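To start, the structure under review is shown below, and the notes come after it.
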Amino acid sequence: MFSFKRKPKAVESTPFSEFIRNASSREKKRVYKLVLEKASESQNRVLAKVATANK
C-alpha cells in the first residue's frame with residue numbers, strides 16, 4: 001500500500017514570526033529581556049497580592 005502524506009497548508013506570516021525570522025540577535029535579546037522583566041513584574045504583583053490576602 002502507498003501512503004501519501006498531505007502537505008500542511010501554509011499559514012500567513014505574523015508580525016511575531018517575521019520578527020523571529022528577521023531580527024538581529026541583539027534585537028531579539030533586547031525584546032526577550034523586556035518580556036522576561038514584564039513577566040517577572042506581573043508574577044511579583046500576583047505573589048504580593050496573595051501574601052497580603054493571607055495576612
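The values are calculated or read from the model by the stated rules, or taken from the named source; none is laboratory data. What you are looking at is a predicted structure, and each value in this text was computed from that prediction instead of being measured. Note that each Cβ is placed from the backbone with ideal geometry, even for glycine, and that neighbours are counted across all protein chains shown.
Select, from Phe4, Phe19, the only residue that is in contact (Cβ under 8 Å) with a residue 12 or more places away in the chain and out of contact with any His (no Cβ under 8 Å at 6 or more places or on another chain).
Going through Phe4, Phe19 in turn, the sole match is Phe19.
Per-residue answers, yes or no, for (1) of a type in the set (A, V, I, L, M); (2) at pLDDT 95 or above:
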| site | (1), (2) |
| --- | --- |
| Phe2 | no, no |
| Lys7 | no, no |
| Val11 | yes, no |
| Ser17 | no, no |
| Ser24 | no, yes |
| Leu34 | yes, yes |
| Asn44 | no, yes |
| Ala48 | yes, yes |
| Thr52 | no, no |
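Would you be able to tell me the number of residues in the range 1-46 that are of a type in the set (Lys, Arg), more than 13 Å from the chain's Cα centre (by Cα) and part of a helix (DSSP H, G or I)?
Our first condition is that a residue be of a type in the set (Lys, Arg); within the range 1-46, this holds for 5-7, 9, 21, 26, 28-30, 33, 38, 45.
Those still in the list that are more than 13 Å from the chain's Cα centre (by Cα) too: 5-7, 9, 21, 26, 30, 45.
Narrowing further to those that are part of a helix (DSSP H, G or I): 21, 26, 30, 45.
Going through the range 1-46 one residue at a time, the tally reaches 4.
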